[in-house]
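The values are calculated or read from the model by the stated rules, or taken from the named source; none is laboratory data. In this text the structure is predicted, and so the values were computed from the model without any measurement. Glycine also receives a Cβ, built like all others from the backbone with ideal geometry; neighbour counts cover every protein chain displayed. Calculation scope for accessible area: heavy atoms of the full protein, side chains included, ligands and nucleic acids excluded. Shrake-Rupley method; radii C 1.70, N 1.55, O 1.52, S 1.80 Å.
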Amino acid sequence: IERSANLSIQNSGTWTLEDGKHVWRLGIHAPEAKAVSFVFTEYDLPKSAKLFIYDQEQTHFIGSFNYTNKQANGMLATSLVYGERVIIELSVPEEESITGIDLKVGEIVHAYRGIDSKFEEVKYGRGPFGTSGSCNINVNCPEGDDWQVEKKAVALIASGGNAICSGALINNTANDGHPYFLTANHCLGGVGNWVFYFNHESSGCNGSTG
């Protein structure tokens, strides 16, 4: 479920001074959510800043994010953090000014079911696993034995609260490792909000878990 929000360092959260750093924290509660993710519609951090997102029990975290994660549209979308209570934390060295920072949560994704087996309960027998057509062969079937290296380049594309497509990293003739990603033309739209989940595969040849 995608929920609109308007939470920024100017109108939400609290600042503290800890161990020579300005630290801003914002707690989010999404009742009964299996996990939560965010779309920062404004994301402009100084080079010294670090952003983390973690659950209240501090058992699952993502980050650090920094100024290099800013997309061309000035936004940043994140992957899921498990739990219904999640904390966003930004730290900046004490000597750094915090007046020019732009950080705004414009969307909160409330995940009521998961994309992988970290979720203990999957209420529906549908989702990203087991929904391909009969002509699509699972990479963990015998036919995929020769593709175990190449499969590492494949990712599931999520946009907001939806898994929309898949694709793969590809190289180029310069062989310089530029991160081109190949997907289908009909998947395009909302590219700035995409999140890529690698190593997303079924646990066996058949089944709807992974």
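Of note:
- Extreme residue, positive dipole direction of the range 12-79, given options PHE40, TRP24, TYR67 (C-beta unit charges): TYR67
- Radius 12 Å from Cβ of GLY106, net charge of other residues (Lys, Arg +1; Asp, Glu -1): -2
- Segment CYS135-ASN185, extension gain: residue separation times 0.36 nm, minus the distance between their alpha carbons: 16.0 nm
- Members of LYS104/LYS152; LYS104/LYS151; LYS70/LYS152; LYS47/LYS151 lying beyond 28 Å, as alpha-carbon distances in this model show: LYS104/LYS152; LYS104/LYS151; LYS47/LYS151
- Taken per residue, the accessible surface of the chain reaches 59 Å², heavy atoms only and a 1.4 Å probe.
- At full extension, ASN206 and LYS47 could sit 52.6 nm farther apart than now, given 0.36 nm per residue minus the alpha carbon distance.
- Across the chain: Cys residues that no other cysteine approaches within a C-beta distance under 4.7 Å: CYS135
- Computed from point charges on the beta carbon alone (+1 for Lys and Arg, -1 for Asp and Glu), the dipole magnitude for the chain about its Cα centre is near 400 Debye.
- Here the chain exposes an accessible surface that is 48 percent carbon and sulfur, computed with a 1.4 Å probe and the other protein chains kept in place.
- FRET efficiency, ASP19 to ALA168 (Cβ-Cβ, R0 41 Å, nearest 0.05): 0.45
- Residues in the range 71-98 that a label on ASP176 would reach, taking backbone N under 19 Å of a point 7 Å out along Cα→Cβ: 72
- Where (1) 116; (2) 167; (3) 156 are the candidate values, the label of the one calculated here for volume of the Cα convex hull per residue in Å³ is (3).
- Cleavage-rule hits (trypsin sites (Lys or Arg not before Pro)) in the range 3-97: DSSP loop, at most 10 neighbouring Cβ within 10 angstrom: LYS47
- Spin-label model distance (nm) - TRP147 vs THR59, 7 Å beyond Cα toward Cβ: 3.5
- Net +/- balance of residues flanking CYS205 in space, Cβ distance below 13 Å, scoring K and R +1, D and E -1: -3
- Placing ASP55, ASP102, ASP176, ASP19 in order of accessible area, with the largest value first and a 1.4 Å probe, yields ASP19, ASP176, ASP102, ASP55.
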